1. Taking the chain as a Gaussian network, Cα atoms linked when under 10 Å apart, which of 61, 30, 80 shows the biggest mean-square fluctuation?
2. Using a Gaussian network model of the chain whose springs link C-alpha atoms within less than 10 Å, name the residue from 53, 17, 44 with the highest mean-square fluctuation.
3. Please find, in a Gaussian network model of the chain (springs between Cα atoms separated by less than 10 Å), the residue of 47, 85, 63 whose mean-square fluctuation is greatest.
4. Shape of region 3-86 from its Cα gyration tensor (a ≥ b ≥ c, root eigenvalues): rounded if a/c is under 1.5, otherwise prolate when a/b > b/c, or oblate?
5. Roughly what would the spin-label model give for residue 45 and residue 4, points 7 Å off Cα along C-beta, in nm?
6. In nanometres, what is the gap between the two model label sites at residue 15 and residue 56, each 7 Å from Cα along Cα-to-Cβ?
7. Please work out the Cα center distance from region 3-51 to region 66-95, rounded to the nearest Å.
8. If contacts are Cα pairs under 8 angstrom and at least 6 residues apart, what is the relative contact order of the chain in percent?
């Protein structure tokens, strides 16, 4: 499915598509994955914004990478695989 990477800023997040569920990663400047999550169709911008400084669940990062998925079920399955493989420091381990 489609992938997109944008700056981890309100202006960058506003460019995220919202027509399908997504798996997203908050990446450091060097490309390390700090956090992986999912967002339902229509919610990617709002969900990723929660991780900005001052948001309800802040995570440090420089870029956000999303991958659109055909269903939320597939997005959650991919999220689990990414978390178990990369062990992002801001994800609760054992999820």
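Read the figures in this text as sums done on the coordinates, not as results from a lab. All values reported here derive from a predicted model rather than from experimental measurement. As a convention, Cβ positions derive from the backbone with ideal geometry for all residues, glycine included, and neighbour counts pool all protein chains shown.
1. 30
2. Per the Cα network of the chain with a 10 Å cutoff, 53 tops the list.
3. The residue with the greatest mean-square fluctuation here is 85.
4. oblate
5. The answer from the label model is 1.0 nm.
6. 2.7
7. 13
8. 36
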